[in-house]
1. For the chain, what is the mean residue ellipticity at 222 nm derived from helices alone (per DSSP H run of n ≥ 4: -39500 (n - 2.57); sum divided by total residues; nearest 500 deg cm²/dmol)?
2. For the chain, give the percent of accessible area contributed by carbon and sulfur heavy atoms, probe 1.4 Å, rounded to a whole number.
3. Roughly how many nanometres apart are two label points built 7 Å out from the Cα toward the Cβ at V15 and L92?
4. Over the chain, give the accessible area per residue in Å² for a 1.4 Å probe, as an integer.
5. Which of the peptides 15-22, 40-47, 110-117 is most tightly packed, and how do the rest follow, judged by the mean count of other Cβ atoms within 10 Å per residue?
6. Show me the ranking of peptides 65-72, 27-34 by mean Cβ neighbours inside 10 Å, starting with the highest.
7. Identify which of the listed values of semi-axes √(5λ) of the Cα gyration tensor in Å was calculated from the structure shown: (1) 53, 15, 12; (2) 27, 15, 11; (3) 20, 17, 12.
8. Helix 2-22: angle to the longest alpha-carbon principal axis of the chain, degrees 0 to 90, nearest 10?
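The values are calculated or read from the model by the stated rules, or taken from the named source; none is laboratory data. Because the structure is predicted, anything quoted here is derived from the model rather than measured. So basically every Cβ, Gly included, is an ideal-geometry build from the backbone, and we count neighbours across all protein chains shown. Only protein heavy atoms, including side chains, enter the accessible area calculation; ligands, DNA and RNA are left aside. Shrake-Rupley method; radii C 1.70, N 1.55, O 1.52, S 1.80 Å.
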Amino acid sequence: MAAMIFTVLVAALGVFQIAAAAGAPVGAYCWGGQHPGTLPTRLRVGSAVSLVIYAAFVLVVLSKADIIGLIPEPVATVGTWVIFGYCVLGVLMNGISRSPRERLVMTPVVLAMAVLVLIVALRG
């Protein structure tokens, strides 16, 4: 169940990043909030690249949870711990963001992702 909820959260973030990459005025909620409207091109590209990272995260977590079998178990095990570390770093970075909107919205989302991937890492 944790892997499925993690996947739903990542999918929601993916939709958000698609909007950011497409030019939606969501800059206050991402990339430090320094561009409160539409992101500059380099950050829009970063939002698009994040989709590939998110897809890899989902494949690793679902493989570790034995929902899919695309990633070998040893790789999925290490991968879940790497993703957990990434999420913990994300909690810290969002938590110290200059953007109150990013802190308010993204910090709890990434914290939830960290807890969910930790559950998957510990239980499989």
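1. Values: 4 runs with 92 residues, N = 124.
Using -39500 (n - 2.57) per qualifying helix, the result is -26000 deg cm²/dmol.
2. Of all accessible area on the chain, carbon and sulfur atoms account for 74 percent.
3. In this crude spin-label approximation the distance works out to 3.1 nm.
4. Working: 6720 Å² over 124 residues.
I get 54 Å² per residue for the chain.
5. Numbers: 15-22: 16.9, 40-47: 14.8, 110-117: 20.6.
Packing order, densest peptide first, comes out as 110-117, 15-22, 40-47.
6. Values: 65-72: 13.5, 27-34: 19.6.
Result, highest mean first: 27-34, 65-72.
7. Of the labelled values, this structure produces (2).
8. 30 degrees
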